[in-house]
Structures are given as structure tokens and as C-alpha cells.
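First comes the structure, then the notes that go with it.
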Amino acid sequence: MGDVRIETADRVMLITLDRPDKKNAITDAMYGEIAAALTHAACDDDIRVAVLTGEGADFCAGNDISMFADSSAGTRDITESNVQPFLSALSTFPKPLVAIVRGRAIGVGVTMLLHCDLVYVATGAQLTLPFVDLGLVPEAGSAWLLPQRIGHARAFALFALGERLSGAGAAALGLANAALPADELVPAAMAAARTLAGKPPSALAATKKLMRDAAAIEAAMALDREAFLIQLASPEVTTALAAFAARKSASTSSG
């Protein structure tokens, strides 16, 4: 494997984004690796639960910005990337899916949590949805899923104002099951995963299926995808990415 580490023990598959020097921003290859891991776990009776986490200080800084830049410039066709297989595997995963979030969670690092069944965050984690600031729209069905979870007004503020949400705030809004001190985070989440792994698997899968409106989620993801591709080709994205690159260059120079 490359920048994704896969480990399985006690009927739990642990999927770790392992690119800490880039805050675990997800590349196309990483999307493919996660999709393959989830697809395998879905079909393997020896795996009862999957856990998503990130190596180092941060969970996930979102999509690697180069994918957006290349697509906007016309040098990459994002429709032929591993993004869609990843979103499909994530949104249709039939078994319990647990997330462990520390540090920064940005963009898809937040929207993927809406497809997880249990989410444990560090109290000091910082969750951000900067799609509009990049000239884009939310993805992964989140434009429908997030208002369903926390209401329109709060969801709109996170999307449109780009407000930063703390781990404690995420738990208070119902985006996470618990916000915990950093040293308690992994033990609590893995204990929950192992507990789930010991439950009757068909009953768990049936319960998850009953709790999720699969048709509505699929429809929401299709609408997100269509709007996302339109925005990705817009001048707004070109301008936003140029501004992002300039800020990053200035930050690197001053550092």
C-alpha cells in the first residue's frame, strides 16, 4: 500500500490515512485504496466493522488540492478518477463504520463522517467545510445529509460562511457521538468497534439498512456530483485556486 495503511484484528479493519506530512489530504491513489479496502471488508465475513482514522496530528485535510487544480485546468478528467468508487463504497458500506477524528478535518474529511455510524472526535479537533470558498459545492451527498442531521440554518452557516466547528461543537450538534481528550479518543473508539464486532452481524447490517434511506442518499449524491462538476469548470474555481496557491506560497516563504 502507499499512503493508506490497512490492518485487521479482532474482526475490525482499521483504515489509516497515512500521509501526515500533508495532513492526510487524499490523493486519487488513496481514494482507490480506501475504496478497495471497504469493498473487500463488505464481502469478507471475517471483518465485522471498519474504522477510519488518520496518522499523526490530523484526520484529513480533504481532497488533495492538485486534483481540483488539474481538473480546472483541463489536464485531468476527475470523472475518471477514484473519487466516485470511493464515495460509492463509503455510502453503501453495509457494516458498521466508525471514524476517529483528531486535529483538522476539512472538506471530504468532514463529509465522509456523515456516512459513518459512530464518530469519535478529539475535543480540540477543528472541522471545516470550505467548498464555497473554493468556488465549489458540497459533495458526498452532504448538501442533503448535513441539514437532515443538524438543520438548515446550522448547515448553511458551515457551508456558506465556512465556520469552523470544534470537536466539542460537533458532538453537541450530533455530528459525533463523543468529544474526548486526545489520550482517551482511540481507546474509546476501538472499544466501541470491538463491541460492535461481537454483535450478531446480520442484525447489525439490517439495522443499519433500515436507518438509512439508500435511495435518497444516492439521489443526493448524484445531484451533488452534477453541480460539483459544473462548478469545477467555472471561472470561480480558477480564481479561488489561484488565491489559495498564492496564500500557500506566501506562508511557505514567511516560514
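Rundown of residues vs (1) crowded, with 17+ Cβ neighbours inside 10 Å; (2) in contact (Cβ under 8 Å) with a residue 12 or more places away in the chain; (3) not in a helix (DSSP H, G or I), yes/no style:
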site	(1), (2), (3)
GLY2	no, yes, yes
ARG5	no, yes, yes
MET13	yes, yes, yes
ALA29	no, yes, no
ALA35	yes, yes, no
THR39	no, yes, no
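Restricted to segment 102-119, and to residues there that are β-branched (Val, Ile, Thr) and in contact with a Ser or Thr (Cβ under 8 Å, 6 or more places away or on another chain), the residue that is farthest from ALA191 (Cα to Cα) is ILE106.
The set of residues in segment 107-130 being surrounded by fewer than 22 Cβ atoms within 10 Å (Cβ to Cβ), of a type in the set (A, V, I, L, M) and under 13 Å from LEU158 (Cβ atoms) consists of LEU114 alone.
Regarding ASP21, is this residue part of a loop (DSSP other than H, G, I, E, B) and either modelled with pLDDT of 95 or more or surrounded by 19 or more Cβ atoms within 10 Å (Cβ to Cβ) (or both)? Step through it out loud before you land on a result.
Values: part of a loop (DSSP other than H, G, I, E, B): no; either modelled with pLDDT of 95 or more or surrounded by 19 or more Cβ atoms within 10 Å (Cβ to Cβ) (or both): yes.
It is false that ASP21 is part of a loop (DSSP other than H, G, I, E, B) and either modelled with pLDDT of 95 or more or surrounded by 19 or more Cβ atoms within 10 Å (Cβ to Cβ) (or both).
Which one is modelled with the lowest pLDDT, of the residues in segment 197-218 that are over 16 Å from LEU87 (Cβ atoms) and outside any helix (DSSP H, G or I)? Here the residue is ASP213.
Annotation: LYS199 fulfils all but one of (1) surrounded by 11 or more Cβ atoms within 10 Å (Cβ to Cβ); (2) farther than 30 Å from ALA41 by Cα; the unmet one is (2).
Residue count for segment 131-170 satisfying the condition of being in a loop (DSSP other than H, G, I, E, B), free of Cβ contacts under 8 Å to residues at least 60 places away in the same chain and crowded, with 16+ Cβ neighbours inside 10 Å: 1. In segment 103-124, the residues that are touching a residue at least 24 places away in the same chain (Cβ under 8 Å) form no Cβ pair under 6 Å with any partner that is in a helix (DSSP H, G or I) and of a type in the set (D, E, K, R), whether six or more places apart or across chains.
The values are calculated or read from the model by the stated rules, or taken from the named source; none is laboratory data. It should be emphasised that the depicted structure is a prediction, and the values quoted were computed from it without experimental measurement. Note: ideal-geometry Cβ built from the backbone for every residue, glycine included; neighbour counts use all protein chains shown.
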